[in-house]
Amino acid sequence: MQLAPRPHLNIPQWLNILELEQYGAVFQHLQGVEDLLSFSEADIKDLGVKNSAHRARIVSSLVALRTKYDKSKIILSCYVVHLGDSQIPASVA
């Protein structure tokens, strides 16, 4: 059985870390931070974050999370090759 991927950080937790909980309603339609990783500052503004300092904090966080997410995907793809149900290190394949 394969489970659906879970967000690594849910929106309310993320907003709490950023001390921007007041934007909970703006992001409530999203399932997790991953849904925001491709958003630009203009996209965040269009969602309803009008304060430029708040947008900057959000975008800065998204850039950091996007970098972390991309690095983890690269590391996984370098080390694991999926063949059917088995996994073997890429260096062996």
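Modelled spin-label separation between Asp70 and Asp43, with each label point placed 7 Å from Cα along the Cα-to-Cβ direction: 1.4 nm. Spin-label model, Val26/Gln13: points 7 Å from Cα along the beta carbon direction are separated by 2.2 nm.
Since every read-out is calculated from the coordinates, none of them should be taken as a lab result. The shown structure was predicted, so the numbers you read here are calculated from the model rather than taken from an experiment. Here the Cβ is made from the backbone with ideal geometry for all residues, glycine too, and neighbour counts use every protein chain on show.
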